[in-house]
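The values are calculated or read from the model by the stated rules, or taken from the named source; none is laboratory data. This one's a predicted model, so the numbers in the text were calculated from it and none came from an experiment. Virtual Cβ from ideal backbone geometry, glycine too; neighbours counted across all protein chains shown.
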Amino acid sequence: MSVKRLWMVALLAVLVTSWNARAQQNQIAGTIGRTFISDQGIKGATFENPTVHFGNGLTFEVNYARHILGSGFTKIYLEVPAVFNLDEDLNAGGNSVPEGYKSIFVTPAIKANFFATTAIQPWVTFGGGWGYFKPSDHLEFGGSNPGGSTNTGVLQMGLGLDVRIRPRWTLRGGFRDFWSGAPDLNVDTGHSRQHNYFVSGGVAWSFGK
């Protein structure tokens, strides 16, 4: 299945879930930011620059959340963040790695908003789900990439801040760590999993009662 089709499926799932949950308070949020991944050394490399360097990929999040518990100091939400990093650039010596990859993370989670009756609400989140990596068809300096796409389990945790600016509109800033399997990079980095740190900002819209 192509990345475009997976994106459409994930977005449709979020929208369908939100439509079926109109009886309670709901939120739809959209944020944009960057994904940060630590560099990884290549084991046994004999060429210059034996390290995989990751770019700071422009990343988008679509998030549906449903209020399930609490009405005072703390509100508990069931949320479904779907996060799309559509251009994670790569760099290493020896023309060994793909020029980049695309990734998708969909991780249902529990989110707790604190000071929930005020305009400024810190929150934390924890959950897990599915991830997908699709490497470029070409290597960094040309030639076909022999690697393939990868599905992986993902754990997600994060924290952030919501600031209400209108009765139904909220500004949102957040940090999420998606701890996933590693994409197929054609080299041995000694890493079977990696942290994908997503820092973002955007808006959320609340609806329903």
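For a quick check of your reading: which strands (runs of 3 or more DSSP E) sit entirely within segment 1-85 and have at least 3 residues that are within 19 Å of Gln156 (Cβ to Cβ), of a type outside the set (A, V, I, L, M) and at pLDDT 95 or above?
26-36, 57-69
I'm checking my understanding of the structure. Among residues of segment 55-83 that are of a type in the set (Phe, Trp, Tyr) and surrounded by 21 or more Cβ atoms within 10 Å (Cβ to Cβ), which one is farthest from Phe126 (Cα to Cα)?
Tyr64
Quick one: in segment 130-144, which of the residues that are outside any loop (DSSP other than H, G, I, E, B) and buried (at least 19 other Cβ atoms within 10 Å of the Cβ) is farthest from the chain's Cα centre (by Cα)?
Selected residue: Leu139.
Give me the residue from segment 96-117 that is in a loop (DSSP other than H, G, I, E, B) and in contact with a strand residue (DSSP E or B) (Cβ under 8 Å, 6 or more places away or on another chain) and, out of that set, farthest from Pro167 (Cα to Cα).
Filtering segment 96-117 for residues in a loop (DSSP other than H, G, I, E, B) gives 96-97, 99, 107-108, 115-117.
When the remaining residues are screened for being in contact with a strand residue (DSSP E or B) (Cβ under 8 Å, 6 or more places away or on another chain), the result is 96-97, 99, 107-108, 115-116.
Working: Ser96: 52, Val97: 49, Glu99: 45, Thr107: 28, Pro108: 26, Phe115: 16, Ala116: 13 Å.
Across segment 96-117, the extreme among qualifying residues is Ser96.
Taking the conditions exactly as written (over 18 Å from Gly202 (Cα atoms), hydrophobic (A, V, I, L, M, F, W, C), touching a His at 6+ places or on another chain (Cβ under 8 Å) and without any contact (Cβ under 8 Å) to a residue 40 or more places away in the chain), does Ile76 satisfy them or not?
Yes: the conditions hold for Ile76.
Given the conditions (1) in contact (Cβ under 8 Å) with a residue 24 or more places away in the chain; (2) within 18 Å of the chain's Cα centre (by Cα), which single one is not true for Asp177?
(1)
Out of segment 145-175, which residues are in a strand (DSSP E or B) and either modelled with pLDDT under 95 or basic (Lys, Arg) (or both)?
Passing the criteria: Arg164, Arg172.
Which number in (1) polar (S, T, N, Q); (2) within 12 Å of the chain's Cα centre (by Cα); (3) surrounded by fewer than 17 Cβ atoms within 10 Å (Cβ to Cβ) marks the one condition that Thr107 misses?
For Thr107, the exception is condition (3).
Regarding Asp177, is this residue acidic (Asp, Glu), more than 18 Å from Pro108 (Cβ to Cβ) and either surrounded by 20 or more Cβ atoms within 10 Å (Cβ to Cβ) or in contact with a strand residue (DSSP E or B) (Cβ under 6 Å, 6 or more places away or on another chain) (or both)? Give the derivation first.
Numbers: acidic (Asp, Glu): yes; more than 18 Å from Pro108 (Cβ to Cβ): no; either surrounded by 20 or more Cβ atoms within 10 Å (Cβ to Cβ) or in contact with a strand residue (DSSP E or B) (Cβ under 6 Å, 6 or more places away or on another chain) (or both): yes.
No; evaluated as a whole, the condition is false for this residue.
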